[in-house]
1. Read phi for every residue in segment 70-81 and hand back ³J(HN,Hα) as whole Hz from Karplus 6.51 cos²θ - 1.76 cosθ + 1.60, θ = phi - 60°, with x for Gly and Pro.
2. Which FRET efficiency value, to the nearest 0.05, is calculated for residue 40 and residue 2 with the Förster distance at 25 angstrom and r the Cβ-Cβ distance?
3. Positive end of the dipole of the chain, charges at C-beta (+1 Lys, Arg; -1 Asp, Glu), about the Cα centre: which of 57, 100, 68 has its Cα farthest in that direction?
4. Test of understanding: what is the full-extension gain from residue 26 to residue 92, defined as 0.36 nm times their sequence separation minus their Cα-Cα distance?
5. What order do you get for 75-82, 90-97, 115-122 when each peptide is scored by the mean count of other beta carbon atoms within 10 Å, highest first?
6. If I fit a long axis through the Cα atoms of helix 35-53 and take the longest principal axis of the Cα atoms of the chain, what angle between them do I get, 0 to 90°, rounded to 10?
7. How much length would be gained if the chain were fully extended between residue 85 and residue 131, taking 0.36 nm per residue of separation minus their Cα-Cα distance, in nm to one decimal?
8. In vacuo Debye scattering of the chain, one point per C-alpha: log10 I(q)/I(0) at q = 0.10, 0.12, 0.15, 0.16 Å⁻¹?
Amino acid sequence: MTSLIVRAATRLLVGLLLMFSIWMLLRGHNDPGGGFIGGLIGATGFILYAIAHGSKAAREALRLDPQTIAVSGLAVAFLAGLAGLIPGDAIFTGQWLFLGATEGDKGLPLSTILVFDLGVYLVVLGAVLTLVFALEEEI
């Protein structure tokens, strides 16, 4: 049984860890970070929640089955790789879309690299949580 202080602190830490994991995901294609480390940090938040509240409560907080998250991430990463075939380039070639481009400004750059990183994020988050929840429920 965990104390009230641990349970209250966990709720704050989980939110901070999830925000930090998304920040690491979004900065990853230009600086250190990306989908893998972001997914690990996000999974750490849910693991901390499972330690304080139990794996059943952590599964309810996640709202989706971790295996479904992992498979969805794999599909997203695969589709991001196939996007290179649309203009006739090789598979997994990065493609860029500039939103709001004007003559003096290139606009907001969006790339298939970020979509691929999002897929990796979901795969890592789902796979780690599947493993940890299975281990915790077995004990």
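Values quoted throughout were computed directly from the atomic coordinates according to the rules given, and no laboratory measurement underlies them. Nothing here was measured: the structure is a model prediction, and the numbers come from that model. No Cβ is skipped: glycine too gets one built from the backbone with ideal geometry, and neighbour counts run over all protein chains shown.
1. 5, 5, 4, x, 5, 5, 5, 5, 5, 5, 5, x
2. Working: r = 23 Å, r/R0 = 0.92.
Efficiency for this residue pair is about 0.60.
3. 57
4. Numbers: separation 66, 0.36 × 66 = 23.76 nm, distance 1.89 nm.
Here the segment from residue 26 to residue 92 would lengthen by 21.9 nm.
5. Numbers: 75-82: 16.4, 90-97: 12.9, 115-122: 23.4.
Result, highest mean first: 115-122, 75-82, 90-97.
6. 20
7. Details: separation 46, 0.36 × 46 = 16.56 nm, distance 3.43 nm.
My answer for the length gained is 13.1 nm.
8. So the normalised log intensities work out to -0.42, -0.56, -0.78, -0.85.
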